[in-house]
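Colleague: I have a structure here, written as structure tokens, and I will follow up with some questions on it.
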Amino acid sequence: MSKVTIVGSGNWGSVAAKLIASNTLRLSNFDDEVRMWVFEETLPGGEKLSEVINKTNENVKYLPGIKLGKNVVAVPDLENAVKDADMLVFVSPHQFMEGICKLVAGKIKASAEGISLIKGMEVKKEGPCMISTLISNRLGINCSVLMGANIANEVHDVEGVELCGTLKNIVAIGAGLVDGLEMGNNTKAAIMRLGLKEMIAFSKLLFPSVKDSTFFESCGVADLITTCMGGRNRKVAEAYAKNGGKRSFDELEAEMLKGQKLQGVLTAKEVYEVLSDRGWTEKFPLFSAVNLISQGLLPPSAIVQHADNNSR
Ligand SMILES: NC(=O)c1ccc[n+]([C@@H]2O[C@H](COP(=O)([O-])OP(=O)(O)OC[C@H]3O[C@@H](n4cnc5c(N)ncnc54)[C@H](O)[C@@H]3O)[C@@H](O)[C@H]2O)c1
């Protein structure tokens, strides 16, 4: 009987735990119990988050109001959570994955399979590394990815799918800035169009095997549209522009997201490192502008100049 562990318990990790737990109950070749590693936190009332999840069957901080299934067990000790798992589902914010891999390496079954739901990448001197590759290399296991509404195996383009999920968060920051500047839907559409073009160009420069068609799947343009219309990157960027760039993204993230993490600002910074390193900043004016704005080096209005200059 295969055992599943979810590594991560934020908003998406909790959704994944709920869905997986309903499937393990139905499938006879899976152990009913699903372990969910919880990065332990003390709630305002003084209780531990993992204890409250196990008592109430609800992640009261990251997915309040939704019962996870009685077979979901929150485990605060990472080693204990992963040691017997046959299937490891990684769904932590990407910036914590390097540290998680260090703690998990050598502590898991050699036959374990990994699947990553993480949108993001690691930037190293030798070049960017997709999170699924980081997991495979560090843990010595196979790691697939699942993004948007697509299973990577079905489109045969793991890097393309993962890059769609990663890069759309930068475009969403641009879309949010335009919302905050109240520039209207035409300008926002121009940002989204440029963003998609830069997503495709950047992905193909890094991984020539990436297919154009991946960007027109649900994990590409559909996920980009949803994120630019309603996601948290858009929301915080809107507030950033409304405040004239005077309150930092870190401050707004802490205040507005209450523990949830923004991916777009860090991803823009990481992508910018790649662009600078390879002399590509001029080829990617939108990605560059989003980074320079979110680091406070350009005013929010710079996003509009870039859209305007480049959509002609
Ligand atoms: N939320 C979504 O709708 C959604 C959808 C698809 C994919 N994703 C991806 O899922 C991944 C996880 O995002 P999320 O929305 O579930 O997280 P989240 O932003 O809701 O929660 C942040 C999580 O990080 C944990 N954390 C904080 N500090 C930590 C540390 N030092 N080490 C380890 N963990 C720490 C918190 O306990 C919490 O579980 C991201 O890569 C994201 O891109 C999210």
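Colleague: Give me the base-10 log of I(q)/I(0) for the chain at each q in 0.12 Å⁻¹, Debye formula, one uniform scatterer per Cα, rounded to two decimals.
Modeller: -0.82
Colleague: Right, something else. How large is the accessible surface of residue 62 in square angstrom, using a 1.4 angstrom probe and rounding to the nearest 10?
Modeller: Counting only protein heavy atoms, residue 62 exposes about 30 Å² to solvent.
Colleague: For residue 126 paired with residue 19, estimate the spin-label separation in nm (one decimal), with each label point 7 Å from Cα along the Cα-to-Cβ line.
Modeller: 3.3 nm
Colleague: At a 10 angstrom cut-off on C-beta neighbours, averaged per residue, how do the peptides 21-29, 199-207 rank from highest to lowest?
Modeller: 199-207, 21-29
Colleague: Restricting to the chain, compute how many DSSP beta bridges are antiparallel as a %, nearest 5.
Modeller: If we restrict to bridges inside the chain, about 30 percent are antiparallel.
Colleague: While we're looking at this one, here's another question. Pull out a ≥ b ≥ c, the square roots of the eigenvalues of the alpha-carbon gyration tensor of region 28-108, then state rounded if a/c is under 1.5, prolate if not and a/b is larger than b/c, and oblate in the remaining case.
Modeller: Because a/c hits 1.5 or more and a/b fails to exceed b/c, region 28-108 counts as oblate.
Colleague: Further, regarding this structure: Using just the Cα positions, wrap region 128-213 in a convex hull and report its mean projected area in square nanometres, one decimal place.
Modeller: Over every viewing direction, the Cα hull of region 128-213 projects on average to 6.5 nm².
Colleague: Out of all DSSP beta bridges in region 2-147, what portion is antiparallel? Express it as a percent rounded to 5.
Modeller: 20 percent
Colleague: Tell me, Kirkwood radius of region 1-150 from alpha-carbon pair distances, in Å?
Modeller: One decimal place: 15.5 Å for the Kirkwood radius.
Colleague: Going from most exposed to least, what order do 77, 250, 157 have by accessible area with a 1.4 Å probe?
Modeller: The ranking, largest first, comes out as 250, 77, 157.
Colleague: Given q = 0.11, 0.16 Å⁻¹, what are the Debye log10 I(q)/I(0) values for region 157-310, with equal point scatterers placed on the Cα positions and solvent ignored?
Modeller: Results for region 157-310 at q = 0.11, 0.16 Å⁻¹ read -0.36, -0.79.
Colleague: Could you work out how much longer the chain between residue 80 and residue 56 gets when fully extended? Use 0.36 nm per residue separation minus the Cα distance between them, nm to one decimal.
Modeller: 6.5 nm
Colleague: Along the charge dipole of the chain, pointing to its positive end and built from +1/-1 on Cβ of Lys, Arg, Asp and Glu, which listed residue (60, 16, 295) has its Cα farthest out?
Modeller: Highest projection toward the positive end goes to 295.
Colleague: I've got another one for you. Can you compute the FRET efficiency between residue 48 and residue 257 using 1/(1 + (r/R0)^6), with r the Cβ-Cβ distance and R0 = 22 Å? Round to the nearest 0.05.
Modeller: 0.55
Colleague: Leaving out ligands, DNA and RNA, and with a 1.4 Å probe, what % of the accessible surface on the chain is carbon or sulfur?
Modeller: Taking all protein chains in place, the chain shows 53 percent carbon and sulfur surface.
Colleague: Where in the chain are the DSSP H helices whose alpha-carbon span along the long axis reaches 30 Å or more and whose Kyte-Doolittle mean is at least -0.5?
Modeller: 158-180, 185-206
Colleague: Averaged per residue, what accessible area in Å² does the chain show with a 1.4 Å probe, protein chains only?
Modeller: 45 Å²
The values are calculated or read from the model by the stated rules, or taken from the named source; none is laboratory data. Remember, it's a predicted structure, so these values are computed and weren't measured experimentally. Glycine also receives a Cβ, built like all others from the backbone with ideal geometry; neighbour counts cover every protein chain displayed. Areas reflect the complete protein model, heavy atoms only, side chains present, ligands, DNA and RNA absent. Shrake-Rupley method; radii C 1.70, N 1.55, O 1.52, S 1.80 Å.
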